[in-house]
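Colleague: Could you have a look at this structure, given as structure tokens, before my questions?
The values are calculated or read from the model by the stated rules, or taken from the named source; none is laboratory data. Because the structure is predicted, anything quoted here is derived from the model rather than measured. All Cβ positions, glycine included, derive from the backbone under ideal geometry; neighbour counts span all protein chains shown. These accessible areas exclude ligands, DNA and RNA; they are computed on the full protein's heavy atoms, side chains included. Shrake-Rupley method; radii C 1.70, N 1.55, O 1.52, S 1.80 Å.
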Amino acid sequence: MPGKNFYITTPIYYVNDVPHIGHAYTTIAADVMARYKRMCGFDVMFATGTDEHGQKIQQAADRKGMTAQELVDSVVVNFRNLWEVLRITNTDFIRTTEPRHARVVQYIFQRLMDQGDIYKGSYEGWYCVPCETYFPESQVGDGKLCPDCGRPLQNMTEESYFFRMSRYEKPLLDHYEKNRDAILPHSRYNEVLSFIKGGLRDQSISRTSVTWGIPLPGDERHVIYVWFDALINYLTVCGYPEKEDLVGKFWPTVNHIMAKDIIRFHCIVWPAMLLALGLNPPATVFSHGWWTVEGDKMSKSRGNVVDPFEMTDLYGVDAFRYFLMREIPFGLDGDFSERALVGRVNSDLANDQGNLLNRTLQMIENFTGGAVPSGQGTPGELDGMIRDMTLATLGSYRAKMDVYAFDEALKDVWTLIKRANKYIDETMPWKLGKEGNLERLGPVLFTLCEVLRFTAAMTSPFMPGTARKIFDQTGIPGDPAELLLDELEWGGATAERRVSKKDVLFPRIDLKVWEKQKAERDAGKTAGPDPGDHEPEVTIEDFRKIELRVAQVLKVEPVPKSDKLYRIDLDLGYERRTIVSGIREFRSPEELEGRKIIVICNLKPASLRGVVSNGMLLAAETADGKSLALLTVDSDIALGSRVH
Ligand code: ME8
């Protein structure tokens, strides 16, 4: 069908960690849209992949004692496997370390350089290594802490190449004035526009301090900045610049899906780069919300990272996909809880959808020997109402799917499913069967089979396996995913078919058993160290600035009006001093007095609850902060000895 093309992307994910539900969410959403568009007759290109360059990856590799290439090659497997488990139908998987990508990045760099959109300058600023971002003085405060992650920033000056983004401020504003649906939801549109109106600065797009990246053409002391490199993946997938037909076919239709954390890159930097290349900015950037877990930010140190592999093992792929798409409106933040997932499995899937199928199949087996009735007979008023409601639901479902309102589309389908269950109660087909009233029974069972066929088709983008099972059990050949929604007509199923009842779609989860098992699982999980907790690299000179010495604890007293603090008097051999330490909940004064411990002696004095602390003792702490061990010396040594 000419003109019916659709290109959808997920962000390319960093490979310094394993995939979690956040990554799964975006990718499932993109997959739902891709599957839906195929059912609308679109030729779909659907890309996902991995962002494999940059300092963060290099540091993660260093910590593991691997080369960066070894690290990315090993971690990428987790992403590929997860997408397979989750039945993601991506048509491409791009890795930024592939030669096909480096070529495009270098081509684009050279082209923008030649046309004067890139220039060489120098960059000075406050740099956050984990976030790989410079921040202006105005954003870093007195503490010089990263406004995003709160870690200390480094003041750095670097020679750098810059992309002349300032040049595109006006063209971008013009573009967004004309294309109000280019950024969705609309609240994000307003946010981006006011940011652009605040003035755009040229972007530093190269680094000399990093080696793990794509070399900059003509100046190999630099590598290309990871974000400039990463954004271009969307064009690499299209075969830019050589495959003009593919670019022409798909590029104008591109939809980027991501969470709100990275929309500035996608709604400002990237469209400016595209305008500079003479290409259209993305047709749509959809920014969805952020998942927390049981009310908390997800992090390894909290031990609450939700593993999609575990969730699909426990509840099945379709239940997991359904839950993520149904639970929160696409575009808003949400909270993940396994209990809520179990609730939806029991109510929406087992009770509503599963029951509709089972009751229908059971009655067909009991009363018509397994043959699906043709619909001939005495029509009832309610039959027509259910038919009209089914057709209307298909219409509203499509309207909602077209604008990414996944939860709304599902709600509509479930309203229909619930209504169909009520229709069974109202028409009482078991009674009609017992009475031998086949004239009425036929149309009722036929109506139910049609509702099942339509709802299977509509839920197929969300729950492809379940939809197929419904087709199979109601005797419809083929896969609903291959249907065209335009061709879905009431009464349009194969004339003669037989049902075959198999396992229930979603067995009910017994809450008592589930609670016990969950408690056992939770007990087996321990909070691990968060790789994000690592500090930026320091030199040996930096380390030497910290004066660590052996001291002996003389006397320990609680600090008044504090539950946590001790005032600790120490003997350093050459002097006595007092420190204040927050270890009262972990050790009694008796456990401390007389012990030899390690103290930082040249820490700037600080007053805590009115007591001046002249140093700090060292202790190791578990990731959950629940226990602690003091650093001490393993043999007798003079007080005041330096620790190196
Ligand atoms: O930002 N809730 O990669 P990334 C919802 N490589 N979505 C979440 C989430 C959460 N808690 N956590 C992660 C990068 N995501 C860059 C992108 S693109 C050219 C380069 C999802 O691995 C969400 O889609 O940090 C978010 O935008 C993305 O993962 C960030 O993935």
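Colleague: Of all residues in the range 236-278 being within 16 Å of the ligand (Cβ to nearest atom) and among the basic types (Lys, Arg), which is modelled with the lowest pLDDT?
Modeller: Going through the qualifying residues, I end up with 260.
Colleague: Which residue pairs have Cβ atoms under 7 Å apart, sit 6 or more places apart or on different chains, and have a first residue in the range 1-26 that is of a type in the set (A, V, I, L, M) and a second that is at pLDDT below 95 and near the ligand (Cβ under 8 Å from one of its atoms)?
Modeller: Taking only residues 6 or more apart or on different chains, not a single pair turns up.
Colleague: Mind listing just one residue for me: the one in the range 587-641 that is among the polar types (S, T, N, Q) and within 21 Å of residue 563 (Cα to Cα) and, of those, modelled with the lowest pLDDT?
Modeller: For the range 587-641, the residue satisfying everything is 622.
Colleague: Pairs please, first residue from the range 359-383 and not assigned by TED's automatic domain parsing to the domain that holds residue 449 and in a helix (DSSP H, G or I), second anywhere and surrounded by 20 or more Cβ atoms within 10 Å (Cβ to Cβ) and hydroxyl-bearing (Ser, Thr, Tyr), Cβ atoms under 8 Å, 6+ apart in sequence or on different chains.
Modeller: From the range 359-383, no pairs qualify.
Colleague: Within the range 64-80, can one find any residue that is in a loop (DSSP other than H, G, I, E, B) and within 15 Å of the ligand (Cβ to nearest atom)?
Modeller: The answer is no; no qualifying residue exists.
Colleague: Now, a different point. Can you give me the number of residues within the range 22-59 that are within 21 Å of residue 261 (Cα to Cα) and at pLDDT below 95?
Modeller: 4
Colleague: Given the structure, is residue 181 away from the ligand (no atom under 16 Å from the Cβ) and open to solvent by 30 Å² or more (accessible area, probe 1.4 Å)?
Modeller: It is true that residue 181 is away from the ligand (no atom under 16 Å from the Cβ) and open to solvent by 30 Å² or more (accessible area, probe 1.4 Å).
Colleague: A follow-up question, please. Go through the residues of the range 26-37 one by one and say whether even a single one is under 25 Å from residue 99 (Cα atoms) and open to solvent by 10 Å² or more (accessible area, probe 1.4 Å).
Modeller: Within the range 26-37, none of the residues are under 25 Å from residue 99 (Cα atoms) and open to solvent by 10 Å² or more (accessible area, probe 1.4 Å).
Colleague: For the range 19-45, which positions are within 20 Å of residue 317 (Cβ to Cβ) and more than 15 Å from the ligand (Cβ to nearest atom)?
Modeller: Of everything in the range 19-45, those that are within 20 Å of residue 317 (Cβ to Cβ) and more than 15 Å from the ligand (Cβ to nearest atom) turn out to be 34, 35, 36, 38, 39.
Colleague: Scan the range 184-200 and tell me whether some residue there is open to solvent by 30 Å² or more (accessible area, probe 1.4 Å), touching a Cys at 6+ places or on another chain (Cβ under 8 Å) and assigned by TED's automatic domain parsing to the domain that holds residue 116.
Modeller: Yes.
Colleague: Tell me the helices (runs of 4 or more DSSP H) entirely within the range 238-318 that contain at least 2 residues that are open to solvent by 10 Å² or more (accessible area, probe 1.4 Å) and out of contact with any helix residue (DSSP H, G or I) (no Cβ under 8 Å at 6 or more places or on another chain).
Modeller: In the range 238-318, 244-250, 308-315 are the helices (runs of 4 or more DSSP H) which contain 2 or more residues that are open to solvent by 10 Å² or more (accessible area, probe 1.4 Å) and out of contact with any helix residue (DSSP H, G or I) (no Cβ under 8 Å at 6 or more places or on another chain).
Colleague: Among the residues that make up the range 100-121, is at least one of them at pLDDT below 85 and either surrounded by fewer than 16 Cβ atoms within 10 Å (Cβ to Cβ) or in the same structural domain as residue 164 (by TED's automatic domain parsing) (or both)?
Modeller: Looking for residues that are at pLDDT below 85 and either surrounded by fewer than 16 Cβ atoms within 10 Å (Cβ to Cβ) or in the same structural domain as residue 164 (by TED's automatic domain parsing) (or both), one finds none in the range 100-121, hence no.
Colleague: For the range 1-18, name all the residues that are of a type outside the set (Phe, Trp, Tyr), within 14 Å of the ligand (Cβ to nearest atom) and open to solvent by 10 Å² or more (accessible area, probe 1.4 Å).
Modeller: 11, 12, 16, 17, 18
Colleague: Return the residue satisfying two criteria in turn: it lies in the range 82-96 and is out of contact with any strand residue (DSSP E or B) (no Cβ under 8 Å at 6 or more places or on another chain) and open to solvent by 40 Å² or more (accessible area, probe 1.4 Å), and of such residues it is nearest to residue 315 (Cα to Cα).
Modeller: Only one residue tops the list, namely 85.
Colleague: Within the range 418-510, which helices (runs of 4 or more DSSP H) (wholly inside it) include 3 or more residues that are crowded, with 21+ Cβ neighbours inside 10 Å?
Modeller: In the range 418-510, the matching helices (runs of 4 or more DSSP H) lie at 438-459, 464-473.
Colleague: Just give me the residues in the range 140-173 being within 29 Å of the chain's Cα centre (by Cα), more than 22 Å from residue 122 (Cα to Cα) and assigned to a loop (DSSP other than H, G, I, E, B), in sequence order.
Modeller: Within the range 140-173, 147, 148, 149, 150, 151 meet the criteria.
Colleague: For the condition more than 14 Å from the ligand (Cβ to nearest atom), farther than 15 Å from residue 163 by Cβ, polar (S, T, N, Q) and free of Cβ contacts under 8 Å to residues at least 12 places away in the same chain, what is the one hit in 209, 194?
Modeller: So the residue among 209, 194 that is more than 14 Å from the ligand (Cβ to nearest atom), farther than 15 Å from residue 163 by Cβ, polar (S, T, N, Q) and free of Cβ contacts under 8 Å to residues at least 12 places away in the same chain is 194.
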